[in-house]
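Data block below; observations after.
The values are calculated or read from the model by the stated rules, or taken from the named source; none is laboratory data. As the structure is a computational prediction, the values presented were derived from the model and not from experiment. Here Cβ is always computed from backbone atoms with ideal geometry, including for glycine, and neighbour counts include all displayed protein chains.
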Ligand SMILES: [Zn+2]
């Protein structure tokens, strides 16, 4: 299975989109929107900000591994 390492983050506050690269084996708990400077954290039940706000789930979830 091919694992994608890029995800388009969409800010829920201002709608700003930016492509970010994801670490292969770590989770990202915080993300600062560079447009409105809001600090995002994962939604309940999600392991990282990419799963909550990105176009692609994080690599460990794509590989069906336990995340974090
Ligand atoms: Zn924003």
Checked region 24-39 for anything within 10 Å of the chain's Cα centre (by Cα) and more than 16 Å from residue 64 (Cβ to Cβ); matches are 28, 29, 30, 31
Residue in region 50-68 that is nearest to the ligand (Cβ to nearest atom), counting only those that are free of Cβ contacts under 8 Å to residues at least 24 places away in the same chain and not in a loop (DSSP other than H, G, I, E, B) | 52
Candidates 34, 2, 19, filtered to the one that is in a strand (DSSP E or B) and exposed (fewer than 12 other Cβ atoms within 10 Å of the Cβ) | 19
Consider residue 44 against the criteria (1) in contact with a strand residue (DSSP E or B) (Cβ under 6 Å, 6 or more places away or on another chain); (2) surrounded by fewer than 18 Cβ atoms within 10 Å (Cβ to Cβ): it satisfies all of them except one. Which criterion is unmet?
-> (1)
Identify, from the list 14, 27, the residue that is at pLDDT 95 or above and part of a loop (DSSP other than H, G, I, E, B).
-> 14
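Matching residues to (1) closer than 19 Å to residue 63 by Cα; (2) touching a helix residue (DSSP H, G or I) at 6+ places or on another chain (Cβ under 9 Å); (3) within 13 Å of the ligand (Cβ to nearest atom); (4) in contact (Cβ under 8 Å) with a residue 12 or more places away in the chain:
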position	(1), (2), (3), (4)
4	yes, yes, no, yes
10	no, yes, yes, yes
16	no, no, yes, yes
23	yes, yes, no, yes
28	yes, yes, no, yes
36	no, no, yes, yes
40	no, yes, yes, yes
48	yes, yes, no, yes
